[in-house]
Amino acid sequence: MSRIEASKFIAEAFKAYGVTHFFYVPVIIPGACKEMQQMGITPVMTHGEKAAAYMADGYARVSHRVGVCGSQTIGGTNLAAGLRDPYLARIPVLAISGGKLPQHRYRFTYQEIDDMPIYQGITKFNATVENGERLPDLLNTAFRAATTGMPQPVHLELPGFAGMNMGDVDGDVDIDPRYGQFPAIRPPAPPEDINAALQAVGKARRPVIVAGGGVSSSGAGPELVQLARFLSIPVATALNAKGVIPDADPLSIGIVGEYSRSCANLAVHEADLVIYIGSLTGGLVTRAWSVPEKSAKVVHIDINPENLGRNYMHTIGVCGDAKAVLLQMMAAAKQNGKTAPRKAWLDRISALKTEWQEKVKPLEASDAVPLRPERLCREISDVLPEDAVLVGDTGHAGLWIAQNFYATGEKQTFIRAHGSLGWSFPAAIGAKCAAPERPVVCFTGDGGFYYHMAEMETAVRYGINVICVINNNESLNQEQGIWAGTTEFDKNWRFHSVDFTAVARAMGCLAIKVERPKDIRPAMKKALQADRPVVIEAKTDWRISAEPAWAPEGLPGLYPPPDEQRHVK
């Protein structure tokens with residue numbers, strides 16, 4: 001048995017698993033960071049542990065490799081907070097934190113608490129590495145757990161505040177590089193379940209597919225489109241599957257759920273069979289289980305059997321990887337013969353799309369000053385390169401992305417926060433690390449940008465040339481319906497005016513302020529040509545809220561805005 005230093009083993013293991021970046025706040029595994037750098041892996045030192053986790057998350061979503069982040073003991077709780085979003089989005093992130101030594105337990109050692117219970121609820125695998133003997137098997141187990149089945153974050157606590165009290169380890173451990181990417185293994189579904197699903201499709205007059213984030217994670221977009229066309233089934237997507245089918249495709253009906261287009265919600269509501277693929281059928285994509293209603297007939301395809309039929313009782317469950325199952329269904333469907341086009345249903349889908357487009361067209365073409373967010377989003381969308389990555393925040397940013405951004409090419413990638421405001425800017429930095437040759441554009445509001453604006457300096461320091469567009473309405477205006485009616489509560493949701501371009505310029509970014517609609521496109525073109533981090537501050541109207549989600553019987557949404565504010569022209 002050959003022995004090597006723990007630092008060298010960690011770096012070599014990361015290299016074998018295909019890790020190219022390590023996002024961290026010092027001091028954590030400093031010896032390993034030095035080894036990594038010698039091997040071509042870039043340690044990216046950030047200004048906050050949560051931002052480091054978000055960067056690892058964005059990196060994982062774009063690269064389809066495990067994102068790795070870390071912090072010393074005192075930052076462990078902050079690092080854990082950053083895992084909430086990848087946990088909800090089912091993304092494999094490995095968090096490494098410093099931890100306790102046996103001789104320090106129960107002695108009130110400086111900066112130490114028991115972090116393990118904190119990580120337990122937001123990880124798939126959570127383990128303490130007591131010594132160097134356990135490092136190889138636990139590190140390999142963490143990678144396997146993160147990338148198999150339903151991907152999720154994992155956590156290892158290493159001994160000592162910097163995680164370096166391990167000595168030498170066994171250097172002869174085999175590493176299987178398959179487990180550095182996801183999905184590492186693609187389980188197919190039982191043939192009888194494939195047949196049951198296709199029989200249900202054959203009987204349906206108004207079927208609709210709802211593609212969830214599992215389609216994106218599986219890289220199953222092409223297979224999804226092929227099957228939808230063969231069976232003449234329209235496709236709605238969850239927000240975290242945006243882009244798996246281009247918006248211009250006749251079968252594309254848009255984003256469904258709470259952050260959605262009304263045409264998609266109406267289509268899913270009117271369907272007599274909903275085919276969920278890679279979806280948790282949770283509250284966001286179903287608009288609190290009202291679209292479709294709980295009595296709906298469902299085919300549910302998911303890699304995790306626990307998810308099948310969880311929220312819809314009339315479910316045909318098909319357990320398997322999205323790409324593998326779609327290939328199975330396509331092969332079986334070809335044997336059965338091509339389905340006759342559902343002309344009446346497809347005509348209805350086309351009419352719903354046309355109605356939506358006519359409704360938003362004047363808003364997306366508005367020359368109003370301050371800017372309408374719809375115009376801002378449409379202009380950005382129209383100039384996004386065919387291989388661009390668009391990284392979006394939650395809240396109103398998520399609504400604008402669902403409604404007014406358009407997927408125009410199969411090579412474009414859309415990723416979004418799964419509920420953590422402020423996620424998008426650090427995640428975009430991680431995404432750019434994963435795809436340095438692709439344009440990466442972050443879309444956030446001023447409320448979201450405030451969370452991690454210090455990471456502008458990180459982007460400049462490492463030459464991570466991300467573009468950040470700030471929809472600056474000087475407020476958290478999605479909350480205006482809560483505080484409306486009096487100026488007494490304005491400080492609870494409206495901000496003091498801050499010149500973000502001045503701040504960005506001081507940190508070394510190229511900074512552009514946009515106040516007129518005609519200046520949006522030139523600003524984007526300049527940003528796309530710049531060889532440095534760019535911040536575009538777009539001044540928009542605080543009174544304008546996104547269109548709330550359609551629901552049967554007018555059920556209230558998460559943030560119902562006052563009518564007089566929503567319809568400002």
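Of everything in the range 375-427, what is among the aromatic types (Phe, Trp, Tyr) and over 18 Å from residue 534 (Cβ atoms)? Give them in sequence order.
Hits for the range 375-427 are 400, 405, 406, 414, 423.
Would you be able to say whether some residue in the range 143-159 is over 30 Å from the mean Cα position of the chain (by Cα), outside the structural domain of residue 314 (by TED's automatic domain parsing) and buried (at least 17 other Cβ atoms within 10 Å of the Cβ)?
Yes; the residues of the range 143-159 include at least one that is over 30 Å from the mean Cα position of the chain (by Cα), outside the structural domain of residue 314 (by TED's automatic domain parsing) and buried (at least 17 other Cβ atoms within 10 Å of the Cβ).
What are the residue pairs meeting all of these: first residue in the range 372-390, first residue more than 22 Å from residue 544 (Cα to Cα) and part of a strand (DSSP E or B), second residue modelled with pLDDT of 95 or more and among the charged types (D, E, K, R), Cβ atoms under 8 Å, and 6 or more apart or on different chains?
Matching pairs, first to second residue: 389/432; 389/438.
Which one of these is touching a Cys at 6+ places or on another chain (Cβ under 9 Å) and at pLDDT 95 or above: 532, 521, 516?
532
How many residues, within the range 270-309, are over 20 Å from residue 323 (Cβ atoms), touching a Ser or Thr at 6+ places or on another chain (Cβ under 8 Å) and not in a loop (DSSP other than H, G, I, E, B)?
Number of matching residues: 1.
For the list (1) buried (at least 24 other Cβ atoms within 10 Å of the Cβ); (2) touching a strand residue (DSSP E or B) at 6+ places or on another chain (Cβ under 9 Å); (3) on the phi < 0 side of the Ramachandran plot, I need the number of the one condition that residue 29 fails.
(3)
Taking the options 351, 402, name whichever one is among the aliphatic types (A, V, I, L, M), farther than 19 Å from residue 51 by Cβ and under 15 Å from the mean Cα position of the chain (by Cα).
Being among the aliphatic types (A, V, I, L, M), farther than 19 Å from residue 51 by Cβ and under 15 Å from the mean Cα position of the chain (by Cα) holds for just one of 351, 402, which is 402.
For the range 394-416, which residues satisfy the criterion of being more than 25 Å from residue 362 (Cα to Cα), touching a helix residue (DSSP H, G or I) at 6+ places or on another chain (Cβ under 6 Å) and either among the hydrophobic types (A, V, I, L, M, F, W, C) or free of Cβ contacts under 8 Å to residues at least 60 places away in the same chain (or both)?
Matches in the range 394-416: 415 only.
Mind listing whichever residues of the range 522-532 are assigned to a helix (DSSP H, G or I) and charged (D, E, K, R)?
Across the range 522-532, the qualifying residues are 525, 526.
Of the conditions (1) touching a residue at least 40 places away in the same chain (Cβ under 8 Å); (2) exposed (fewer than 15 other Cβ atoms within 10 Å of the Cβ); (3) over 22 Å from residue 373 (Cβ atoms); (4) not hydrophobic (A, V, I, L, M, F, W, C), residue 486 satisfies every one except a single condition; which number is it?
(1)
If you go through the range 78-109 one residue at a time, how many are in contact (Cβ under 8 Å) with a residue 12 or more places away in the chain, surrounded by fewer than 17 Cβ atoms within 10 Å (Cβ to Cβ) and of a type outside the set (A, V, I, L, M, F, W, C)?
1
Take residue 131 and decide whether it is more than 23 Å from residue 150 (Cβ to Cβ) and not charged (D, E, K, R).
So residue 131 passes the test.
Assess whether residue 359 counts as being outside the structural domain of residue 196 (by TED's automatic domain parsing) and assigned to a helix (DSSP H, G or I).
Considered against the rule, which asks whether it is outside the structural domain of residue 196 (by TED's automatic domain parsing) and assigned to a helix (DSSP H, G or I), residue 359 comes out as yes.
Looking at (1) in contact with a Phe, Trp or Tyr (Cβ under 7 Å, 6 or more places away or on another chain); (2) farther than 30 Å from residue 337 by Cβ, find the lone condition where residue 304 falls short.
So residue 304 meets the others, but not (1).
Yes/no per residue for (1) farther than 21 Å from residue 166 by Cα; (2) hydrophobic (A, V, I, L, M, F, W, C):
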| site | (1), (2) |
| --- | --- |
| 10 | no, yes |
| 41 | yes, yes |
| 50 | yes, no |
| 69 | no, yes |
| 98 | no, no |
| 106 | no, no |
| 109 | no, no |
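Within the range 498-546, which residues are surrounded by fewer than 20 Cβ atoms within 10 Å (Cβ to Cβ) and touching a Gly at 6+ places or on another chain (Cβ under 9 Å)?
Residues satisfying the conditions are 531, 532.
Those residues that are closer than 20 Å to residue 272 by Cα and among the hydrophobic types (A, V, I, L, M, F, W, C), I need them from the range 287-322; list them, please.
Those that are closer than 20 Å to residue 272 by Cα and among the hydrophobic types (A, V, I, L, M, F, W, C): 288, 289, 291, 296, 298, 299, 301, 308, 313, 316, 318.
Assuming residue 328 fulfils every condition listed in (1) under 30 Å from residue 87 (Cα atoms); (2) touching a residue at least 60 places away in the same chain (Cβ under 8 Å); (3) not in a helix (DSSP H, G or I) apart from one, which condition is it?
Answer for residue 328: the failing condition is (3).
How about the range 487-521: which of its residues are among the charged types (D, E, K, R) and part of a helix (DSSP H, G or I)?
490, 491, 505, 518, 519, 521 - these are the residues of the range 487-521 that are among the charged types (D, E, K, R) and part of a helix (DSSP H, G or I).
Out of all the residues in the range 228-240, is one or more polar (S, T, N, Q), in contact with a Lys or Arg (Cβ under 8 Å, 6 or more places away or on another chain) and surrounded by fewer than 24 Cβ atoms within 10 Å (Cβ to Cβ)?
yes
Which of (1) surrounded by 18 or more Cβ atoms within 10 Å (Cβ to Cβ); (2) modelled with pLDDT of 95 or more does residue 112 not meet, given it meets every other one?
The one condition residue 112 does not meet is (2).
Inspect all residues belonging to the range 156-171 and state whether any of them is of a type in the set (S, T, N, Q) and on the phi > 0 side of the Ramachandran plot.
No, the range 156-171 contains no residue that is of a type in the set (S, T, N, Q) and on the phi > 0 side of the Ramachandran plot.
Right, residue 102: more than 17 Å from residue 18 (Cβ to Cβ) and either in the same structural domain as residue 455 (by TED's automatic domain parsing) or not polar (S, T, N, Q) (or both) or not?
So residue 102 fits the description; yes.
The values are calculated or read from the model by the stated rules, or taken from the named source; none is laboratory data. Note that the structure is predicted; figures quoted are calculated from it, not measured. Here Cβ is always computed from backbone atoms with ideal geometry, including for glycine, and neighbour counts include all displayed protein chains.
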